[in-house]
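The block underneath contains the structure these notes are about, expressed in structure tokens.
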Amino acid sequence: MKILVVGSGAREHALAWKCMQSVLTDRVFVAPGNGGTGGMAKNIQIPADDVANLVRFAKREKVGLVVLGPESAVAAGVGDALREEGIPVFGPGRQAGRIESSKSFAKDLMRRAGIPTAEFGVFHETGPAKAWAREREGRVVVKADGLAMGKGVIVCGSVEEAEGAVDAMLVDHAFGRAGATVVVEERLEGPEVSLMAVTDGTRVLVLEPARDFKRALDGDQGPNTGGMGAYSPPTGTSAKMLTEAVSSLLEPAVRQLAEDGIEYRGLLYAGLMLTADGPRVLEFNARFGDPEAQVVLPRLRSDTVRLLLESARGDLGPVPELDWDPRHCVGVVIASGGYPDSFETGFPIEGLATIPPGILVFHAGTRYVPGRGLVTSGGRVLTLVALGDSVAAAREAVLATVGRVRFNGAFHRRDIAQEAIRA
Ligand code: AMP
Ligand code: GLY
């Protein structure tokens, strides 16, 4: 079967790599892909949100499965258009994708489904939003309702901060239209866990958990990013916790959507905070996490294409047991100097040929230029990943290798998964 992976990040590189390993796969295309996917699969120069051309390509090539990587493809309606043509697609339609693209939609769904989440209010005007925050002495989180590239969330510790955050979104339009509506919610405390599950609209099959590190710098300092590293499984999680999370957080979400007439086929991601009162959902995403996918997929031994195809066809069958590599997996992102703010691209990337076997290299912001080789083309450039019998072993293997990759301004975090060793 021919498979089309939509997107261009390290998550999509990991997905394409996994799909290549399946006995069901003849050929993998990635649209638009990056400098790494071009070497192992075939890059197709179609942007991830170009619905008409993606559909045309999938029809012409008789693609048997399309896998949606980024939220932009979901929000553009790529899933809906492909399904209309009868092409199996792993990834929800636009309506179902609102669980990620609208925080107020997600909060309303959680309230109706009885899913534990932070208390919240939805506001269009500063007065009531600030009053809500003042009642909680400013210990709130102010969120732009729409998609803001992971940046539209301001965690506040005082009334001044909260009022400033509300003004930034509703008065100064810091996040444009995404911030024309804000969700203000109570600020919770506890470690975070990323849970990803495959669903066919009815059944929910949870994957091994992961934890990502969102801040740019060591010690969780610096600005929020798309994610600077991750590891799986994280400390503080257990099989029992996973089973409970499926029945109290994930299944109710899929069921509520179905009751609302919205079928969800694809990956449902829940960002959890493990509070003293139990797990709370901070957010849902309509796709694999990045960099979570890079540390969870290498541990999946079951046939990935079969799994994604069954979900795409709306039939996961009698819930299969997934087979997992018990080893620990650690991934570290190498980013361009200045990321997540402004950064330059086009720098040659050196040292990849010296990476030892056993280290997985997933490309994101890389581009192959004939005559020049691989150059940087984005903020997050590569994710380096290792498996190990212990977190410490996996972590050491990655950290011993990151320094071999060199490009102007490259930086990475040195403390990914360190918490698991201290624990
Ligand atoms: P989100 O995009 O909604 O996941 O928020 C991004 C980050 O903000 C999360 O990973 C948390 O670290 C933090 N955050 C979001 N909501 C809350 C909350 N209610 N309480 C505390 N921290 C939060
Ligand atoms: N790493 C968090 C996300 O993909 O949204």
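The values are calculated or read from the model by the stated rules, or taken from the named source; none is laboratory data. Note that the structure is a prediction, hence the values are computed from the model and not measured. We place every Cβ from the backbone using ideal geometry, glycine too, and count neighbours over all the protein chains shown.
Quick test for you: out of LEU282, LEU309, LEU267, LEU274, pick the one residue that is under 21 Å from ARG112 (Cβ atoms) and of a type in the set (A, V, I, L, M).
Among LEU282, LEU309, LEU267, LEU274, only LEU282 is under 21 Å from ARG112 (Cβ atoms) and of a type in the set (A, V, I, L, M).
Here are ALA197, ALA165, ALA216: which of them is over 20 Å from VAL281 (Cα atoms) and in a strand (DSSP E or B)?
Criteria check complete, one pass: ALA216.
Suppose we keep only residues that are surrounded by fewer than 24 Cβ atoms within 10 Å (Cβ to Cβ) and outside any loop (DSSP other than H, G, I, E, B) within segment 316-336. Which one would you say is nearest to ligand 1 (Cβ to nearest atom)?
Per the criteria, the residue is HIS328.
I'm trying to understand the selection: among the residues of segment 360-395, which are among the hydrophobic types (A, V, I, L, M, F, W, C), closer than 22 Å to VAL30 by Cα and surrounded by fewer than 24 Cβ atoms within 10 Å (Cβ to Cβ)?
LEU360, VAL361, VAL369, LEU374, VAL375
With ILE99, ILE115 as the choices, which residue is modelled with pLDDT of 95 or more, within 26 Å of the chain's Cα centre (by Cα) and within 16 Å of ligand 2 (Cβ to nearest atom)?
ILE99
Results for (1) out of contact with any strand residue (DSSP E or B) (no Cβ under 7 Å at 6 or more places or on another chain); (2) of a type outside the set (S, T, N, Q); (3) within 21 Å of PRO298 (Cα to Cα); (4) outside the structural domain of ALA210 (by TED's automatic domain parsing), shown as yes or no for each residue.
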| site | (1), (2), (3), (4) |
| --- | --- |
| LEU382 | no, yes, yes, yes |
| ASP389 | yes, yes, yes, yes |
| ALA393 | yes, yes, yes, yes |
| GLU396 | yes, yes, yes, yes |
| THR401 | no, no, yes, yes |
| PHE411 | no, yes, no, yes |
| GLN418 | yes, no, yes, yes |
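Name the strands (runs of 3 or more DSSP E) wholly inside segment 362-403 in which the number of residues that are within 26 Å of GLN418 (Cβ to Cβ) is 3 or more.
380-388
If you take the residues in segment 118-148 that are more than 14 Å from ligand 1 (Cβ to nearest atom) and part of a helix (DSSP H, G or I), which one is nearest to the chain's Cα centre (by Cα)?
ALA129
Against the condition at pLDDT 95 or above, crowded, with 24+ Cβ neighbours inside 10 Å, within 16 Å of the chain's Cα centre (by Cα) and not in a helix (DSSP H, G or I), how does TYR231 come out, does it pass?
yes
Would you point out which residue out of GLU192, GLU208 is modelled with pLDDT of 95 or more, touching a helix residue (DSSP H, G or I) at 6+ places or on another chain (Cβ under 6 Å) and within 16 Å of ligand 2 (Cβ to nearest atom)?
Going through GLU192, GLU208 in turn, the sole match is GLU208.
Of the residues in segment 149-189, how many are at pLDDT below 90, more than 15 Å from ligand 1 (Cβ to nearest atom) and within 23 Å of ASP220 (Cβ to Cβ)?
1
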